[in-house]
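Data block below; observations after.
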Amino acid sequence: MIFWLLGILISSITYANDAADAKYFSIMGLSSPPNDPSNGFQKDQDAIGLGRKLFFDSGMSASKAVSCSTCHFTSGRYIANESIPAGSSRAFRSVMQITGVAYNRFFFWDGRADSLWAQSLGPIQNPDEHNFDRLSAVVHVARKYPDELDRITSTSVKYQQHLNRVNSWMVSKNGSPPTVSINFIFSLIGKSLAAFQTSLPIPPSRWDEVAKAKITGTALNNEQEKIWKGFKVFTGKASCSNCHDGPLFTDFSFHNTAMPTRPELGIEAGRYEVLPQIKGSEFSCYSLYSDASKEECRHLNYVNQTIDENFGSFKTPTLRNVGTKSHFGHASQFSSLQQMIEHYDRAPAGVHGRMLNTRTLSELKPLGLSSEEKEELLEFLKAL
Ligand code: HEC
Ligand code: HEC
């Protein structure tokens, strides 16, 4: 009798724990994206609408053939398209997923942009991406979307004045272009793209179905059982969730995981390399073009600058949709998820420690996973 009751007690505690974990790591546990005080237009419906048009507008590139969607939208989904021939320098940075991107505090693999809107201005001017210049981008948008810009700026006298200055200059072409006003409207392009990306829903994955079944106490089929076992390895023995935490499978932070270097790149300092410029960058939260007060830029005020925590570190990427990728790591160091799992299982020391005269800066420890556990982990990753 006592054992029978104990059995029921243990299984109901396990059920409650499993259901709580399932919720915490699935979209059921996701709250709405945080507010970005530096983007006054984050929730503006007109800005979202313009952002959607710009995301797909190849007119905003030098070749008239490249838009954000070229690399971030494929087969009708907002997932990374890695089939695009890469430019010489971009070849070494793999395309990131934009799923749930608005939850991040820093953007790009090294986190050199401190807001989603500042990030969005990068590819427009990058010679390997849109290869456009700032003035041409502003002129293109002012000509093609005058009504949209009028509506968006109608809520702000400041932005309205800058738009008027840009429009008058475009008509008269008198003197040099009004730099500050051009920059304000350029920032509005980024803010609209950010508003649009923030508005994108996160579609439920096969993993979310498994989590839902666990929450509601529904039986799992064979395939789902395997995914669940992989989740247990992910959060248990393999401790992947130390960094790939929560419904988006990222802590939004930076870590050294001893990823192999590429000969062309030498030793990359990663996060550490960009830290000195981050606060003073042209479109940072502190800048003239930010809509936040300095106190509101909390992520910049308290940015972690220590060398041992940042040297050779890169951003923990979301693992949502990771099964659709064919290159892994910031510099496409691996070409399969199996290779990624083997890397974590081995936990090499990496190259960065030696430079600071310490054994390793990597946070990884060898895992000792069995081949069955590796397989379950793989099934889990593919279901995200
Ligand atoms: C030619 C391909 C290409 C194009 C075009 C492109 N991107 Fe990207 N995107 C990338 C690559 C590569 C990275 C990672 C770059 C790095 O870290 O240096 C990236 C990173 C990002 C990130 C950062 C995600 C994160 O978690 O930090 C966002 C957001 C993004 N791109 C949005 C955009 C937007 C918006 C546009 C259009 C204005 C755009 N991209 C155009 C390839 C592209
Ligand atoms: C110490 C923190 C940490 C732990 C623990 C960790 N990761 Fe990562 N993960 C990262 C970081 C940081 C990157 C990016 C590394 C880079 O490119 O330099 C990454 C990248 C990845 C990628 C590549 C994603 C892409 O889009 O390219 C996969 C897949 C991945 N991790 C899976 C796992 C799995 C599975 C585990 C557990 C076995 C795990 N990670 C444990 C931090 C971590």
**Message:** Counting C-alpha atoms alone, how compact is the stretch 279-384: give Rg to one decimal and Dmax as a whole number, in angstrom.
**Reply:** 18.5, 55
**Request:** Apply 1/(1 + (r/R0)^6) to the Cβ-Cβ distance of S136 and D251, taking R0 = 30 Å, and write down the FRET efficiency to the nearest 0.05.
**Result:** 0.20
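Given a 1.4 Å probe, how much area per residue of the chain is accessible, in Å²?
On the way: 18230 Å² over 384 residues.
Averaged over the residues of the chain, the accessible area is 47 Å².
To the nearest 0.05, how large is the calculated FRET efficiency for S176 and S69 if R₀ is 45 Å and r is the Cβ-Cβ distance? Write down the numbers at each step before the final one.
Details: r = 33 Å, r/R0 = 0.74.
Using R0 = 45 Å, I get an efficiency of 0.85.
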**Request:** At 7 Å along the Cα-to-beta-carbon direction for both N35 and E225, put a label point, then send me their distance in nm to one decimal.
**Result:** 4.9
**Sulfur and carbon atoms: percent of accessible area, the chain [1.4 Å]** = 54
**Item:** D_trans [Stokes-Einstein, Kirkwood Rh over alpha-carbon pairs] for the chain, 37 °C, 0.692 mPa s, µm² s⁻¹
**Value:** 144
**Request:** Determine, from the Cβ-Cβ distance of Q277 and K212 and an R0 of 51 Å, the FRET efficiency 1/(1 + (r/R0)^6), rounded to the nearest 0.05.
**Result:** 0.70
**Message:** Give me the three principal axis extents of the stretch 19-138 from the C-alpha atoms, as integers in angstrom, largest value leading.
**Reply:** 50, 32, 29
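The values are calculated or read from the model by the stated rules, or taken from the named source; none is laboratory data. The structure displayed is predicted, hence computed values, not measured ones. Don't worry about glycine lacking a Cβ; one is built from the backbone with ideal geometry, like all the others, and counts go over all protein chains shown. Heavy atoms of the whole protein, side chains included, go into the accessibility calculation; ligands, DNA and RNA do not. Shrake-Rupley method; radii C 1.70, N 1.55, O 1.52, S 1.80 Å.
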